[in-house]
Amino acid sequence: MWLEDFIPLLPRSASNRVDSWFRLLRDYTLRELTKPKDKLVAFAGIAELFHEMWPESRYVAGLWTHHFPESLLWVNNAALQQMRDTTRLDKARYRAPSWSWAAVDGSIGTSLTAPCRYRGRPLPAPTVMCCIKQCETRLKWEGSPYGEVTSGLLVIEAGVMPAVMEWDFEEHFGVLVRVKPGEDIKPPYSSEDWLGFYLPDAVEVFGCPSSGNPYSVVGS
């Protein structure tokens with residue numbers, strides 16, 4: 001009933017459609033599901049509706065390919081607000097790949113726009129420095145392209161450079177600072193060496209083959 005009421009209000013301009021999508025996503029992730037595994041299923045109707053406006057795009061585990069790579073920069077607001085640096089993924093209850101917001105619980109912020117100021121200083125506009133080489137998901141049911149997935153693959157090509165992270169406990173994010181070859185870098189860091197921001201989202205726990213003990217890998 002709510003979706004039927006919402007259909008006439010769908011925006012016509014491209015920019016407003018993007019804003020509406022992320023606003024709906026944010027509001028949806030504020031809610032708790034009786035069955036967390038239905039995270040994508042419960043949102044499928046809205047995804048199908050937006051696909052009519054974005055027919056050229058692909059829907060992969062809750063994300064649209066024409067929003068890549070910026071849409072991968074979602075943030076788990078619950079983790080940040082509670083000053084936890086991660087939200088743990090339950091590998092036994094897989095529902096989405098770790099690069100999808102559907103993999104975690106709690107409110108999701110879609111940080112398509114990075115902070116414009118930091119400690120009172122203006123920051124340059126964000127620059128995309130990677131490209132998506134491959135993104136695929138395997139559907140649980142072929143007849144349900146917006147529903148459950150059983151696996152996902154994301155291949156990104158990007159440059160690599162040495163950096164350190166300075167965690168800001170007031171802003172609740174980390175600042176990545178470039179490390180120059182042969183330089184013993186120490187705080188305070190120069191804003192000229194800032195590379196960007198680190199916003200944690202989830203931790204995947206894997207078993208260590210040699211010891212049998214789990215260790216954590218942070219996804220961001």
Find the residue count for the stretch 52-81, including only residues that are of a type in the set (Val, Ile, Thr), at pLDDT 90 or above and not in a helix (DSSP H, G or I). 1
Among what's in the stretch 112-132 and is outside any loop (DSSP other than H, G, I, E, B) and surrounded by 10 or more Cβ atoms within 10 Å (Cβ to Cβ), pick the residue that is modelled with the highest pLDDT. 132
If I ask for residues that are assigned to a helix (DSSP H, G or I) and modelled with pLDDT of 90 or more, which ones from the stretch 87-102 would you list? 101, 102
Confirm whether residue 18 is modelled with pLDDT of 95 or more and of a type in the set (A, V, I, L, M, F, W, C). no
I'm trying to understand the selection: among the residues of the stretch 133-165, which are assigned to a strand (DSSP E or B) and without any contact (Cβ under 8 Å) to a residue 12 or more places away in the chain? 139
Just for the stretch 18-36: of the residues that are of a type in the set (Lys, Arg) and assigned to a helix (DSSP H, G or I), which one is farthest from residue 62 (Cα to Cα)? 23
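Residue-by-condition table, conditions (1) at pLDDT 75 or above; (2) within 18 Å of residue 95 (Cα to Cα):
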site	(1), (2)
109	yes, no
142	yes, yes
151	yes, yes
170	no, no
175	yes, no
210	no, no
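The values are calculated or read from the model by the stated rules, or taken from the named source; none is laboratory data. Please read all numbers here as calculations on a predicted model, not as lab measurements. Glycine gets a Cβ as well: all are built from the backbone with ideal geometry, and neighbour counts include every protein chain shown.
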